[in-house]
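Quick notes on the structure that follows.
The values are calculated or read from the model by the stated rules, or taken from the named source; none is laboratory data. Here the structure is a predicted model, which is why all the values come from computation and not from measurement. Please note: Cβ atoms are built from the backbone with ideal geometry, for glycine as well, and neighbour counts cover all protein chains shown. Calculation scope for accessible area: heavy atoms of the full protein, side chains included, ligands and nucleic acids excluded. Shrake-Rupley method; radii C 1.70, N 1.55, O 1.52, S 1.80 Å.
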Amino acid sequence: MKWARVAVLAAVAMCATSAYSASKAVLVLGDSLSAEYGLARGEGWVALLEQRLKDDGIDATLINASISGETTSGGITRLPALLSKNKPAVVVVELGANDGLRGLALSDTQKNLRAIINAAKKSNARVVLVGMQLPPNYGTDYTKRFAAIFPTLAKDTKSALVPFMLDGVVTQPLLFQADRIHPTAQAHPIILDNIWPQLKPLLSK
């Protein structure tokens, strides 16, 4: 009886110390900011995330389904097959920037992102929505309404929100490539630090 009690206590302790032991799939649905545009392979934040998962002892498989130039409408088109194939526990949605840079209707961007989030949740995945902002030259009204899409959707859908993907990067010109749009390799650890606090808790559930 004594040994049985010890075994039970040991099992409980093991569960408590290995909250991340069950393998999970994490799907990143993004654009060039997540697809290592202009970088050497392994320098982007998604690749750095894979190493952080290992360092933290979190058993998770990363699927980077990011494509340079991707829009929210493209994300909707690709998502069903990605969900069916990978059955992710968590979906990181990093889309919308290209919609904004092309001046697309904000109502369409919001509708598309909502559809992406709802589809992910319907498949029993938890969602991290990555917020973005536009340069001021797109006009105060448009940029404010664009930035507001992300917190609004996160609140409405009860999704985790990264307020601004490029926080701590956008104010440092040297952290951007020559096109002044895509971050350098030196910026991607900062990007990961912006995303990690919202992603990590979802991997323990």
**Request:** Name the helices (runs of 4 or more DSSP H) wholly inside the range 41-136 in which the number of residues that are within 17 Å of Pro201 (Cα to Cα) is 1 or more.
**Result:** 45-55, 106-122
**Request:** Report yes if some residue within the range 102-119 is within 14 Å of the chain's Cα centre (by Cα) and small (Gly, Ala, Ser); otherwise report no.
**Result:** no
**Prompt:** What is the residue count in the range 139-178 for residues that are of a type in the set (Val, Ile, Thr) and in a helix (DSSP H, G or I)?
**Reply:** 5
**Request:** Output the residues belonging to the range 138-175 that are on the phi < 0 side of the Ramachandran plot, open to solvent by 80 Å² or more (accessible area, probe 1.4 Å) and under 17 Å from the mean Cα position of the chain (by Cα).
**Result:** Lys155, Pro163, Asp167
**Asked** Just checking, how many residues over the range 69-98 are open to solvent by 60 Å² or more (accessible area, probe 1.4 Å) and closer than 24 Å to Trp196 by Cα?
**Response** 1
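Here's the yes/no breakdown for (1) small (Gly, Ala, Ser); (2) at positive phi; (3) touching a helix residue (DSSP H, G or I) at 6+ places or on another chain (Cβ under 6 Å); (4) touching a residue at least 24 places away in the same chain (Cβ under 8 Å):
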| position | (1), (2), (3), (4) |
| --- | --- |
| Ser73 | yes, no, yes, yes |
| Ile76 | no, no, yes, yes |
| Pro88 | no, no, no, yes |
| Asn98 | no, no, no, yes |
| Gly103 | yes, yes, no, yes |
| Ser107 | yes, no, no, no |
**Message:** Exactly one condition in (1) touching a strand residue (DSSP E or B) at 6+ places or on another chain (Cβ under 6 Å); (2) part of a loop (DSSP other than H, G, I, E, B) is false for Ile195; which is it?
**Reply:** (2)
**Prompt:** Do we have Leu49 as modelled with pLDDT of 95 or more and either small (Gly, Ala, Ser) or in contact with a strand residue (DSSP E or B) (Cβ under 6 Å, 6 or more places away or on another chain) (or both) here?
**Reply:** no
**Tally, over the range 99-136, of residues that are closer than 17 Å to Ala81 by Cα, among the hydrophobic types (A, V, I, L, M, F, W, C) and surrounded by fewer than 16 Cβ atoms within 10 Å (Cβ to Cβ)** = 1
